[in-house]
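Working notes, beginning with the structure itself.
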Amino acid sequence: MHLTHKIALRPTADQADYFVRACGTARKVWNWALDEWGKQYAAGGKPTAMVLKKQFNAIKYDLYPWLKDIHRDAHAQPFAHLATALSTFFADVQAGRRGHEPRFKKKGRCRDSFYVANDKFSLDGKRIRLPKIGVVAMTEALRFEGKILGATVSRSADRWFVAIQVDVPEHQAQRRRTAHGTVGVDLGLKSVATLSSGESIQAPKPLRAALRRLKIRSRRLSRKLEAAKMAAGFTLGARLPKGTQLPVSNNRRKSTATLARLHRRIANIRVDFTHRLTTTLCRENQAVVIEDLNVKGMLANDRLSRAISDVGFVLFRQQMSYKVLRYGTRLVVADRWYPSSRLCSACGWKNEALTLKDREWTCADCGTCHDRGFNAACNLKRLATETALPVARPTGNGGAAAGRVLAVAGKVTPVSDECGQQGASGQEETAEHLCSPFR
Ligand SMILES: [Zn+2]
């Protein structure tokens, strides 16, 4: 099982300077490759990333003489990344999905990182030896044992990290469950998650406080930017012509750094919170049922987008996908058409009039008063048991699936079953499959 351990680094000033240059190199090479690919594709060619890499290698030292100072992994890896990005994009387009077109990386706007191959670095306790710069101190030693696959050095605000990818043997990656329940999880906006056990989980308070602070700090920074614009002779709120470089004052630089640190803090709180939640769910249950929220579709909805990104649905799904494998927990993902919120969990009546705003509703058939989240969680839980309520399955999900559904004596279980431990034919494949749609 592939696991990644991300460790903070304590580079010297010279080493940090090298990191910045290596990241810049990776970004430059990516942009060159993407630009060149676009040109050749427009001219009717179908250049593969590997062909581009050969072309780049032939001219790179003439083009960028400073490349000689940077280890070659940093300028070779972007081609592999481009190959992956392009093949995912074309596969998405072919399958009728809206794919993510590879985009140019902008300095300061993208996540700075560069790659080091596994044979180019070595570990010794809390120290890592990297090519060109030697030993860099780490804040902790690598936690996993197994075959080391590679490392990525990246920056988050003013700190540097190394993420080491390790192929951990299955038996070592397995974790023991402490309980064997079955739980339905309804992810929501009011409370982050409502469980079929009745528990309602709220977003951590520090996160809410930090988000409030983020608003204030962003406003401060944008005011400084406006002031700089006015000083340069532009009118208030004017759009700058492309390529304009405004002088950066010390205050603005400080403000930018503060904002970046706050963003990192928010990301940290969010990741930590989601890790705790997903670990608990996997550790205490033999089956977890979640909704297949069409995150992309929901993000397109402007009003909802902020709230959704805040609770980190995507993060939740990503972490669940690999943790179920470690705990041997069954992850059941409800069909995105399964009306978990609309069904009465007591009698099965479907409330067609339910809107997003309704937090509570009463069943017109049996009179049960429902809390929206709890009712949905109960309906989801049913999907992992034999008592799923009958619902109409929409057409267009494939004839074979529809036939199988009818065979279950009218009881429709609109689920895709994603097994953990039980996956008989190739676990790695399962893991890959689980992770890929939620990059
Ligand atoms: Zn009812």
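With the requirement that a residue be polar (S, T, N, Q) and more than 14 Å from the ligand (Cβ to nearest atom), what does region 322-343 give you?
The answer is 329, 340.
List every residue pair whose Cβ atoms lie under 9 Å apart, where the two residues are 6 or more positions apart in sequence or sit on different chains, the first residue falls within region 359-376 and is near the ligand (Cβ under 7 Å from one of its atoms), and the second residue, located anywhere, is aromatic (Phe, Trp, Tyr) and open to solvent by 80 Å² or more (accessible area, probe 1.4 Å).
Matching pairs, first to second residue: 363/349; 365/349; 366/349.
Can you go through 129, 111 and tell me which one is in the same structural domain as residue 25 (by TED's automatic domain parsing) and assigned to a loop (DSSP other than H, G, I, E, B)?
Exactly one of 129, 111 is in the same structural domain as residue 25 (by TED's automatic domain parsing) and assigned to a loop (DSSP other than H, G, I, E, B), namely 111.
Name the single residue, out of those in region 55-97 being charged (D, E, K, R) and loosely packed, with under 11 Cβ neighbours inside 10 Å, that is farthest from residue 25 (Cα to Cα).
Of region 55-97, the ones charged (D, E, K, R) are 60, 62, 68-69, 72-73, 92, 97.
In the following step, the residues that additionally are loosely packed, with under 11 Cβ neighbours inside 10 Å were identified as 62, 68.
On the way: 62: 15, 68: 11 Å.
Residue satisfying both the conditions and the ranking: 62.
Being in a strand (DSSP E or B) and buried (at least 16 other Cβ atoms within 10 Å of the Cβ) is the filter here; which residues of region 6-26 pass it?
7, 9
For the condition loosely packed, with under 11 Cβ neighbours inside 10 Å, assigned to a loop (DSSP other than H, G, I, E, B) and either at pLDDT 50 or above or away from the ligand (no atom under 16 Å from the Cβ) (or both), what is the one hit in 384, 346, 400, 353?
Working: 384 fails: loosely packed, with under 11 Cβ neighbours inside 10 Å; 346 fails: loosely packed, with under 11 Cβ neighbours inside 10 Å; 400 fails: assigned to a loop (DSSP other than H, G, I, E, B).
The conditions single out 353.
Output the residues belonging to region 64-88 that are among the aromatic types (Phe, Trp, Tyr) and either at pLDDT 90 or above or not assigned by TED's automatic domain parsing to the domain that holds residue 19 (or both).
If the condition is that a residue be among the aromatic types (Phe, Trp, Tyr) and either at pLDDT 90 or above or not assigned by TED's automatic domain parsing to the domain that holds residue 19 (or both), then 79 is the only one that fits.
Which one of 265, 303 is of a type in the set (Lys, Arg), surrounded by fewer than 21 Cβ atoms within 10 Å (Cβ to Cβ) and at pLDDT 85 or above?
Only one candidate passes the filter, namely 265.
The values are calculated or read from the model by the stated rules, or taken from the named source; none is laboratory data. Owing to the predicted nature of the structure, the values given are computational and were not obtained by experimental measurement. Positions of Cβ are generated from backbone atoms using ideal geometry, with glycine treated the same way; all protein chains shown enter the neighbour counts. Calculation scope for accessible area: heavy atoms of the full protein, side chains included, ligands and nucleic acids excluded. Shrake-Rupley method; radii C 1.70, N 1.55, O 1.52, S 1.80 Å.
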